[in-house]
Amino acid sequence: MASTPFLIVNGVSWPCPIHGFTYTWAVMVDGARNANGAQVGQVVGRQILKLDSMEWKGLEADKWEAMMKSLKPFYVDVTVYDPAEGKDVTVKMYPGDKSATPLFLYEGSRRTRIYESCKVNLIDCGL
């Protein structure tokens, strides 16, 4: 039986990241204060979701390459379970910095076979 993907990015299934991953929700406020200095701003829009510190260890190069290709174009549709909503949501996101540390290469090649570590963050566009 196939496992359920943690994320679906532009139709590509991503596995669950290792321990250390964080959901971050940003609340946008129109930032006003009255003459007494009390906060009188209002929430604007919806919470913005960031999938932070996603990392995978021992990832096969073919999987990482598919994940990287799913991040094109720059703005991508991401389906993820959102604990704040209590359901799967699909939001338009963009990737932060991406990094990968090669562990093993194919013999006689510069092509990576397995990565020691792969990392990326995904940030909600708010659209």
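Quick note: the coordinates plus some simple rules give every number you see, no bench work behind them. Quick caveat: nothing in here was measured; it's all calculated off a predicted structure. Note that we place each Cβ from the backbone using ideal geometry, even for glycine, and neighbour counts take in every protein chain shown.
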Label assignment, mean projected area of the Cα convex hull in nm² derived from the structure, set [x] 9.3; [y] 10.4; [z] 13.8: [y]
Set of aspartates and glutamates with alpha-carbon distance to LYS98 below 13 Å, sequence-local pairs under 8 removed: ASP52, GLU55, GLU65
Hz values of 3J(HN,Hα) by residue in segment 116-127 - Karplus curve (6.51, -1.76, 1.60), Gly and Pro given as x: 5, 8, 10, 9, 6, 10, 10, 10, 4, 7, x, 8
Footprinting exposure proxy for TRP25, TRP64, TRP56 (fewest neighbouring C-beta atoms within 10 Å first): TRP25, TRP64, TRP56
Charge tally in the Cβ shell below 12 Å around LEU59, where Lys, Arg are +1 and Asp, Glu are -1, LEU59 excluded: -1
Under-5 Å amide H pairs with GLY96, H placed in peptide plane, nonlocal only: ASN121, LEU122, ILE123
Proximal charge balance of THR24 [Cβ under 13 Å; K/R count +1, D/E count -1]: -2
Point-to-point label distance, THR24-GLU55, nm (Cα→Cβ direction, 7 Å offset): 1.5 nm
Under the Karplus curve 6.51 cos²θ - 1.76 cosθ + 1.60, θ = phi - 60°, whole-Hz ³J(HN,Hα) for segment 13-21, x wherever Gly or Pro sits: 6, 10, x, 5, x, 6, 3, x, 5
Fewest-first sequence of VAL12, VAL78 by Cβ atoms within 10 Å of each Cβ: VAL12, VAL78
Loop GluC sites (Glu not before Pro), segment 1-95 (other Cβ atoms within 10 Å of the site Cβ: 14 or fewer; DSSP): GLU85
Sequence-separation-based contact order of the chain, relative, with Cα cut under 8 Å and 6+ spacing, percent: 26 percent
GNM top mover of LEU105, LEU59, LEU51 - the chain, alpha-carbon springs below 10 Å: LEU105
Under-5 Å amide H pairs with MET28, H placed in peptide plane, nonlocal only: VAL44, ILE48
Hz values of 3J(HN,Hα) by residue in segment 106-111 - Karplus curve (6.51, -1.76, 1.60), Gly and Pro given as x: 5, 4, x, 9, 8, 7
Farthest toward positive dipole pole in segment 20-102 [+1 Lys/Arg, -1 Asp/Glu at C-beta], among MET54, VAL91, GLY20: VAL91
Electrostatic dipole magnitude of the chain [Cβ: Lys, Arg +1; Asp, Glu -1; Cα centre; debye, to 20]: 220 debye
